[in-house]
Amino acid sequence: MALIGSEDRSPDDTGWLHPAWLPRSLTAPLRARTVLVVAPEHPVIRTVVDELSHAGAKAIWLTDTDATASRAVIDLTITIDPELPPESFRLARHGGQTSLVGADPKGVLYGHFHLLRRGRLAFQGQWRQPVSTPAIGLRMLDHWDNIDVHPVMGQVERGYAGGSLFYDAGSLRWDLGRVDQYARLLASVGVNAVSINNVNVHATETTLLTTRLDWVTRLADHLRPWGITVFLSVNFAAPIVLGDLDSCDPCDQRVRQWWADTTDRVYAAVPDLGGYLVKADSEGQPGPFAYGRSHADGANLLARALSPHQGVVLWRCFVYNHRQDWRDRSTDRARAAFDHFVELDGAFLDNVILQIKHGPIDFQVREPVSPLLAAMPRTRVCLELQVTAEYTGQQRHVHYLPEAWQEILGFRPWGDETKLWQLMAIGQSQSPESTTTESPRSVRSGGAIAAVSNVGRDEFWTGHPFAQANLYGFARLAWDPTLTPAAILDEWIGSTFPEANPDLAPLLRQIILGSRALYESYTAPNGVGFMVTPGSHYGPSVDGYEYSPWGTYHFADREGIGVDRTRASGSGYTGQYHQPWADLFESVETCPEELLLFFHHVRWDHRMHDGDTLAQHIYNSHFDGAAAIHSLARLWTQADGLVEPRLYRRVAERLDEQCRCAQEWCDQITSYVWRHSGIPDDHGRPLY
Ligand code: GCW
């Protein structure tokens with residue numbers, strides 16, 4: 001069987017590793033500097049001290065009391081101010097001395113990386129920066145890594161960047177050096193949590209809870225010094241899978257005891273584990289439905305076991321019927337998460353966080369924001385994004401995902417000033433100013449954002465070197481969701497290509513900015529989604545999922561295309577939104593055109609706002625999109641000699657493939673529309 005993960009497509013372990021956005025030479029910034037660190041003994045502080053010494057500091061004094069005596073000769077002082085918000089830092093330079101004040105050890109670590117990024121400027125002039133505070137408390141990357149190589153999904157499910165950083169064909173890697181480097185990379189942009197195994201938890205991974213617990217301990221030991229908390233994905237049926245019980249019914253006392261005892265043992269081994277991540281009753285994973293129990297029963301079962309240890313359950317809402325009969329027009333997958341969860345609002349314990357995908361279907365290039373994110377005022381919620389580019393070009397196409405994420409984070413669920421990211425910051429799906437809903441639960445509150453990681457053992461970390469900007473962008477948006485994609489890209493370019501020829505940055509901007517819209521223009525049109533090859537999810541297959549059980553249909557016929565999700569004549573999904581969206585999406589006239597086919601079944605001759613028919617609109621966007629990719633590939637030749645040769649070649653190869661694939665998308669989609677609609681292209685371009 002062919003591997004769907006692409007470990008085979010990216011070189012692994014060549015020995016050479018691209019430094020990503022970390023400074024090439026650590027010795028420059030702190031050469032001949034003296035440093036005073038006033039902080040308690042802590043693994044993260046120890047990391048900062050090691051960093052400083054690698055960065056070339058001449059002398060470092062570490063003390064847990066204020067040692068003012070030697071201040072006169074100190075270039076950099078690092079102190080802790082617990083009055084600052086958690087994980088924050090403040091940088092300033094005054095009287096010939098640079099100061100870094102962190103709220104806590106993590107704040108010091110993040111401030112240190114900020115200082116490194118400033119380079120020489122960190123030790124020049126007089127300046128004072130405002131306190132930098134992360135907007136969202138839990139900033140997490142989910143790894144879909146398998147311990148065993150899965151026969152279909154490979155070592156990393158939906159991994160497009162070589163093998164797993166953690167596991168290799170059934171074992172924990174003996175040498176975790178790459179994990180250390182990864183942890184450093186994440187810490188440098190403020191990621192503070194990682195789940196270490198696939199949410200599809202097979203039998204082998206289930207043993208991470210028990211006989212392979214020492215692996216979790218080892219990974220946690222490598223991540224802890226970088227301020228990164230480990231989470232475990234667990235199988236809801238673990239008591240059965242591990243052979244201890246014949247049931248996993250959340251209301252069975254034996255099951256509750258099993259989870260309590262198992263969790264106690266887990267925390268004895270890893271006292272600072274973040275908690276569990278769970279995919280239940282989803283795509284074949286076991287869950288509480290088997291016992292007629294609700295997802296609140298299921299989540300609370302684990303929450304109770306974790307509570308004495310201050311652990312949390314991240315419980316995914318990706319719950320839908322994946323065995324649908326395509327003939328059944330009454331079931332709408334987009335409705336599923338809301339329909340399953342909204343009535344449970346208020347029924348979850350305080351240490352349960354519902355993890356909700358950004359759209360109602362599944363990480364498509366264009367979906368409306370999931371209405372569930374703003375529908376559970378008495379429940380903690382977390383936004384789930386996908387950095388790994390499953391449906392978005394698989395790190396073979398240039399696709400700058402922060403352009404989509406900024407739209408998602410900026411969505412205004414009530415049409416007023418409140419943006420989605422503000423909900424994620426408080427971790428509560430209600431407007432921060434809201435007085436109409438019940439007040440949020442106060443205990444253990446705090447926001448969260450999670451994303452599926454896109455890294456592997458590839459020498460560029462991410463397959464496509466430009467996909468590094470997606471990892472970087474996720475972390476930066478989690479810290480500050482008000483940053484623009486362009487600003488983030490400039491930061492990434494500046495740190496990744498320091499001291500490059502001045503021609504490079506504009507070239508990179510031209511290729512990377514706008515790449516999300518470009519990808520959208522030649523793939524599935526106007527929010528219709530899922531015209532990908534079944535299984536691999538790469539490349540076009542217009543009807544690939546049309547007669548499948550997965551609930552992802554476009555319903556094209558000779559009249560038109562798209563899914564009627566209106567209240568008037570369709571599935572009623574539009575009714576899951578607050579106003580003004582419920583009405584805006586309901587009407588063909590006011591529905592944003594980029595989402596037209598997500599919400600409506602539209603005639604091929606429907607007039608778009610610019611006067612073109614829908615068919616013509618699709619022809620235009622696809623032909624223009626494919627042509628634009630060919631131009632980008634030509635443009636990249638100007639980078640020859642401006643970047644490392646192997647980076648140049650890697651991008652050039654990927655652009656060749658993007659050209660081929662974009663043309664294939666264009667030809668298949670336009671020919672499909674032509675054959676179904678009979679509407680010729682105004683410009684006479686080839687339709688087959
Ligand atoms: O997008 C789908 C993927 C599955 C994945 C699932 C999920 C881990 O195709 O590979 O399974 O989403 O999010 O659980």
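What follows draws every value from the coordinates through simple rules; no lab data is involved. What you are looking at is a predicted structure, and each value in this text was computed from that prediction instead of being measured. Note that we place each Cβ from the backbone using ideal geometry, even for glycine, and neighbour counts take in every protein chain shown.
Given Cβ point charges of +1 (Lys, Arg) and -1 (Asp, Glu) and nothing else, what value in debye, to the nearest 20, does the dipole of region 624-688 about its Cα centre take?
That gives region 624-688 a dipole magnitude of about 160 debye.
Helix 43-54: angle to the longest alpha-carbon principal axis of the chain, degrees 0 to 90, nearest 10?
80 degrees
Over region 24-128, what is the relative contact order in percent, taking alpha-carbon pairs closer than 8 angstrom and at least six residues apart?
Computed over region 24-128, the figure is 27 percent.
Under 1.5 on a/c is rounded, so check that first for region 230-285, then, if it is not, pick prolate when a/b is larger than b/c and oblate when it is not; a ≥ b ≥ c are the square roots of the alpha carbon gyration tensor eigenvalues.
Verdict is oblate for region 230-285.
Please sort 266-276, 604-614 by packing, taking for each peptide the average over its residues of neighbouring beta carbons within 10 angstrom, highest first.
Per-residue Cβ counts within 10 Å, averaged per peptide and sorted highest first, yield 266-276, 604-614.
Using amide H atoms built 1.01 Å from N in the peptide plane, name the residues 5+ places from Val602, or on other chains, whose amide H lies under 5 Å from its own.
Ile561, Gly562
Per residue, how big is the convex hull around the C-alpha atoms of region 64-136? Give it to me in cubic angstrom, could you?
In region 64-136, the Cα hull volume divided by residue count equals 90 Å³.
Using only the alpha-carbon atoms, how far is helix 253-269 inclined from the longest principal axis of the chain? Give it as 0 to 90 degrees, nearest 10.
Long axis of 253-269 versus the principal axis of the chain: about 40 degrees.
Find how many whole Å separate the alpha carbon centroid of region 241-262 from the alpha carbon centroid of region 522-542.
Measuring centre to centre over Cα atoms gives 41 Å.
Tell me what the chain gives for mean residue ellipticity at 222 nm when only DSSP H runs of n ≥ 4 count, each as -39,500 (n - 2.57), the sum divided by the residue total, rounded to 500 deg cm²/dmol.
-9500 deg cm²/dmol
When the Cα centres of region 307-323 and region 73-102 are compared, how far apart do they sit, in Å?
Between the Cα centre of region 307-323 and that of region 73-102, the gap is 39 Å.
For region 182-198, what does the Karplus curve 6.51 cos²θ - 1.76 cosθ + 1.60, with θ = phi - 60°, yield as ³J(HN,Hα) per residue in whole Hz, taken in order and with x for Gly and Pro?
Result, ordered by residue: 5, 4, 5, 4, 5, 4, 5, 10, x, 6, 10, 7, 9, 9, 9, 8, 3 Hz.
Based on the mean of other beta carbon atoms within 10 Å per residue, what is the order of 306-313, 548-555, most packed first?
306-313, 548-555
For Val643, Val152, Val387, what's the fewest-to-most ordering of other Cβ within 10 Å of each Cβ?
The most exposed by this proxy come first: Val152, Val643, Val387.
Under a Cβ-Cβ cut-off of 10 Å, what is the net charge of the residues other than Tyr167 that fall near it, where Lys and Arg count +1 and Asp and Glu count -1?
Value of the local net charge: -3.
I need the shape label for region 440-549. Rule: rounded when a/c is under 1.5, else prolate if a/b > b/c, else oblate, with a, b, c from the alpha carbon gyration tensor.
oblate
Only Lys, Arg, Asp and Glu count, each charged at its Cβ (+1, +1, -1, -1), so figure out the dipole size of region 24-128 about its Cα centre, rounded to 20 debye.
680 debye
Compare the peptides 251-259, 494-502 by average per-residue count of other Cβ atoms within 10 angstrom and give them in order, highest first.
So the peptides 251-259, 494-502, ranked by packing, come out 251-259, 494-502.
Which net charge results when you count Lys and Arg as +1 and Asp and Glu as -1 among the other residues whose beta-carbon is under 14 Å from that of Glu87?
So the surrounding residues net to -1.
If you take every DSSP beta bridge whose two residues both sit in the chain, what share of them, in percent to the nearest 5, is antiparallel?
Counting DSSP beta bridges with both partners in the chain, the antiparallel share is about 30 percent.
Amide H neighbours of Asp168 under 5 Å, counting only residues 5+ apart in sequence or on other chains, H built in-plane at 1.01 Å?
The answer is Arg173.
What are the residues whose amide H is under 5 Å from the amide H of Ala193, where those residues sit 5 or more places off or on another chain and H is modelled from the backbone?
Arg139, Leu141, Thr229
To the nearest 20 debye, what charge dipole does the chain have about its Cα centre, counting +1 at the Cβ of each Lys and Arg and -1 at the Cβ of each Asp and Glu?
1560 debye
Going toward the positive end of the dipole of the chain, with +1 on Lys and Arg Cβ and -1 on Asp and Glu Cβ, which of Gly415, Ala627, Leu273 do you reach last?
Selected residue: Leu273.
Need one word for region 138-496: rounded, prolate or oblate. Basis is the Cα gyration tensor (sqrt eigenvalues a ≥ b ≥ c); a/c below 1.5 gives rounded, then a/b vs b/c decides.
rounded
At a 10 Å Cβ-Cβ cut-off, how would you order Thr65, Thr77, fewest neighbours first?
The fewest-first ordering by Cβ neighbours comes to Thr65, Thr77.
Evaluate the relative contact order of region 138-496 (contact order divided by residue number), counting alpha-carbon pairs under 8 angstrom at least 6 apart; express in whole percent.
Rounded, it is 18 percent for region 138-496.
Given a cut-off of under 8 Å on Cα pairs at least six residues apart, what relative contact order in percent is computed for the chain?
Answer for the chain is 12 percent.
Calculate how steeply helix 105-118 sits against the longest principal axis of the alpha-carbon atoms of the chain, using the helix alpha-carbon long axis, and give the answer as 0 to 90 degrees to the nearest 10.
Computed tilt is about 80 degrees.
Mind listing the phi-derived Karplus ³J(HN,Hα) values for region 577-584, rounded to whole Hz, using 6.51, -1.76 and 1.60 with θ = phi - 60°, and x for any glycine or proline?
8, 6, 6, x, 5, 3, 7, 4
Against the 2.2 N^0.38 Å scaling, with N counting residues, where does region 618-688 land? I'd like the Cα-based Rg ratio to two decimal places.
Against the empirical 2.2 N^0.38 Å value, I get 1.39 for region 618-688.
Expressed as a whole number of Å, what is the distance separating the alpha-carbon centroids of region 111-172 and region 462-513?
Spelled out, the Cα-based centre of one part sits 15 Å from the other.
Based only on the alpha carbon positions, what is the Kirkwood hydrodynamic radius of the chain, in angstrom?
Result for the chain, one decimal place: 26.4 Å.
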